[in-house]
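Bear in mind that the values in this text are calculations on the coordinates, not laboratory data. Just so it is clear, the model here is predicted, and its values are computed rather than measured. With ideal geometry, Cβ positions are generated from the backbone for all residues, glycine too; neighbour counts draw on all protein chains shown.
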């Protein structure tokens with residue numbers, strides 16, 4: 001163990017890196033909690049099972065095999081290589097070298113697996129880059145994927161390659177250093193052993209390269225960690241709580257608004273006691289909450305958690321019947337808008353600031369946007385988008401991390417209809433038909449049983465000889 | 001064993017009449033607005049009643065006491081109107097002590113099954129595809145003695161509110177299997193099924209501006225699947241057809257798009273009409289196909 005200035009420096013870097021991340025995580029947590037309360041307690045076993053299948057097990061990714069396999073490589077690489085990060089932390093803090101080597105054959109298995117996965121990750125990232133930038137995948141285009149999101153997607157890929165290069169630099173230099181000194185380096189290095197030829201024969205240069213690789217790897221990881229809250233890559237953390245808190249009821253079941261239930265019950269039964277309205281902690285009456293959602297704080301906290309879990313893969317949009325047929329609606333945009341708006345109105349993370357990328361940037365055409373009031377509804381999402389939804393749940397089904405764009409769409413429709421009476425006229429006609437005729441069409445209720453007139457059935461009776 | 005057939009008039013039992021006699025039916029058949037008013041879907045309602053009469057199950061309908069479940073209002077965001085409708089219907093159903101509801105409309109099915117319980121309406125709710133599947137499994141319906149579908153091509157279009165909304169994918173397919181027809185699946189089927197374009201209250205409004213109507217996109221897919229048209233399928237779904245090609249003017253005439261929802265029925269029929277194929281491809285509900293195969297139409 002060689003304790004040196006390096007260890008103190010490392011301690012400072014690590015504390016700064018994790019501290020900064022904790023500070024950002026608190027801001028994001030506060031953003032999510034501006035959403036309305038929703039009781040998601042209970043069903044813990046069912047939720048854990050779902051998290052195991054969908055988040056850890058990547059179950060829904062496998063609806064599309066090519067990206068699923070590529071993603072699986074990077075995902076497993078991420079998990080396994082992070083075991084090595086534990087070693088880097090211990091080495092960095094205590095001046096040990098390859099602290100986990102006491103594992104013996106297990107250490108060889110670990111380092112060997114790491115190397116193979118590292119190489120596969122590089123290959124997968126190249127394939128991802130190709131799919132995204134050479135334009136073979138339609139869902140990586142679209143008005144909401146311009147500017148920041150497009151840059152963000154590529155930054156993630158570049159950083160992943162840089163991290164892998166740092167890892168291989170560290171290993172290959174270390175390996176060659178040991179070879180030249182005639183010593184055995186614990187562990188197995190199937191890839192780095194192929195790379196040693198690229199490295200100089202100078203012992204000092206190798207020692208420096210090993211340190212450069214080591215520092216680049218860990219500093220890169222800490223920087224990346226602090227980039228996450230500004231990025232779609234945040235899904236590597238948020239996917240887990242998001243899946244855990246996903247809806248367990250049938251997808252067709254929409255929420256019943258409780259305050260409306262009280263009103264309707266009071267109308268039908270005058271003796272019904274409506275519960276007292278909510279009060280502020282100081283006892284004054286709280287401002288009444290609007291029906292539906294005009295802005296992000298009218299959505300439930302789970303809808304905001306959704307927004308932070310989205311990796312902008314566009315599977316939702318690519319199966320949306322409205323989007324497929326050229327309508328403005330894109331479920332992915334609704335989710336991205338939600339995140340941008342909550343960061344504009346409340347806390348923004350370290351790197352991304354919504355002013356870099358306002359609502360106009362991803363809305364085309366812009367005429368219908370309310371550019372003065374950036375509320376989620378009208379400032380980001382236009383009624384034309386909302387009214388194009390067929391509520392078919394294809395987006396919900398497609399999302400690999402169980403995001404539910406449909407809930408947010410319905411909440412905004414509720415605001416349009418119940419607070420602004422701003423439904424399309426044909427829907428207002430449908431509403432009044434239901435009110436007056438008990439049917440969405442203008443038929444007389446007295447004709448409702450006419451279908452049964454002049455009805456005959458063929459009666460079959462066995463003939464016994 | 002030989003059979004004698006006769007045409008028998010049906011007097012559909014009303015719940016109010018049964019209640020007046022102190023009787024309670026095994027099932028309440030919830031007809032739905034489309035089933036009661038839409039001329040095309042009334043034929044489905046009548047086909048389903050013929051099946052109920054044929055198997056001799058005790059049933060009743062609400063008749064004029066039935067009212068919209070509130071589904072279109074709820075999907076359009078009018079929660080207030082939805083709950084008014086829901087509580088009125090729940091009061092009617094609870095007033096008669098109804099336990100089991102069967103309906104041919106996936107939207108009514110979803111609403112009564114999933115959204116009424118929290119408002120005080122707890123019923124066992126069964127979609128007619130599941131009900132028909134049960135009758136077939138029990139041997140009460142054999143799909144024999146009527147029209148033969150043997151060798152004809154049928155593709156089933158999943159209703160969103162039956163499929164993704166409530167995970168019912170197999171029941172309608174098992175019902176179709178009894179027809180001994182040539183069943184073809186569209187690529188976008190089951191969990192990946194493409195909406196007909198009517199859900200979420202779209203049925204009652206014009207679509208937003210776009211390149212195409214959703215029902216046309218879906219009808220193109222269904223027709224290409226039935227025809228074995230590899231080029232169209234490659235363009236729409238990115239897969240080639242595995243079914244032999246049926247050239248235009250050949251025996252395409254027998255092909256059927258099967259649906260299990262009144263709104264899918266309207267949208268798919270309009271889509272087929274848009275592609276000018278209504279002469280050789282028909283859109284039928286499961287109940288119509290079964291009633292016809294069983295020879296119940298009189």
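Structure values in brief
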item	result
For the protein assembly as shown, alpha-carbon Rg over 2.2 N^0.38 Å	1.13
Ranked packing of B:33-44, B:74-85, A:263-274, most packed first, by mean Cβ within 10 Å	B:74-85, B:33-44, A:263-274
Packing-based ranking, highest mean first, of A:443-456, B:109-122, B:203-216 given that Cβ atoms within 10 Å are counted	B:109-122, B:203-216, A:443-456
D (Stokes-Einstein, µm²/s), Kirkwood Cα radius, chain B, 1.567 mPa s at 4 °C	65
Residues in the stretch B:257-298 reached by a label modelled at residue B:231 [backbone nitrogen below 17 Å; 7 Å Cα→Cβ]	none
Within 10 Å of each Cβ in B:206-218, the average number of Cβ atoms from other chains	5
Euclidean distance between Cα centres, the stretch A:1-75 to the stretch B:2-29, Å	60
Computed [θ] at 222 nm, helices only, for chain A once each DSSP H run of length n ≥ 4 contributes -39500 (n - 2.57)	-17000 deg cm²/dmol
Shielding score for A:383-390, defined as the mean number of other chain Cβ atoms within 10 Å	6
Cα long-axis angle, helix B:79-95 against chain B (0 to 90 degrees, to the nearest 10)	60
Residue B:177/residue A:40 FRET efficiency (R0 60 Å; Cβ-Cβ; nearest 0.05)	0.90
Protection proxy ranking of B:53-66, A:83-96 - average other beta-carbon atoms within 10 Å, highest first	B:53-66, A:83-96
Alpha-carbon centroid distance for the pair the stretch B:263-298 / the stretch B:178-245, whole angstrom	15
Two-site FRET efficiency, residue B:167 against residue B:274, from Cβ-Cβ distance with R₀ of 35 Å, rounded to 0.05	0.70
Averaged over A:321-333, number of beta-carbon atoms from partner chains that fall within 10 Å	5
Antiparallel content of DSSP bridges confined to the protein assembly as shown, in %, to 5	30
Gain upon complete extension [residue A:444, residue A:286; 0.36 nm per residue less C-alpha separation]	52.5 nm
Rounded to 10°, Cα long-axis angle of helix A:148-180 versus longest principal axis of chain A	20
DSSP beta bridges in chain B [antiparallel fraction, %, rounded to 5]	0
Computed label-point distance, nm, for sites residue A:9 and residue A:274 using a 7 Å Cα→Cβ extension	6.8
Simple spin-label estimate for residue A:422 and residue B:99 in nanometres, 7 Å along Cα-Cβ	5.0
Full-extension gain in nm, residue B:39 to residue B:5, via 0.36 nm per residue minus C-alpha separation	9.5 nm
Degrees between helix A:425-437 axis and first principal axis of chain A (Cα, 0 to 90, nearest 10)	50
Anisotropy class of the stretch A:292-422 from Cα gyration tensor, a/c 1.5 cut	rounded
Estimated FRET transfer efficiency when R0 is 25 angstrom, pair residue A:353-residue A:18 (beta carbons, to 0.05)	0.65
Length gained when the stretch residue A:207-residue A:453 is fully extended (0.36 nm per residue, less Cα-Cα span)	79.1 nm
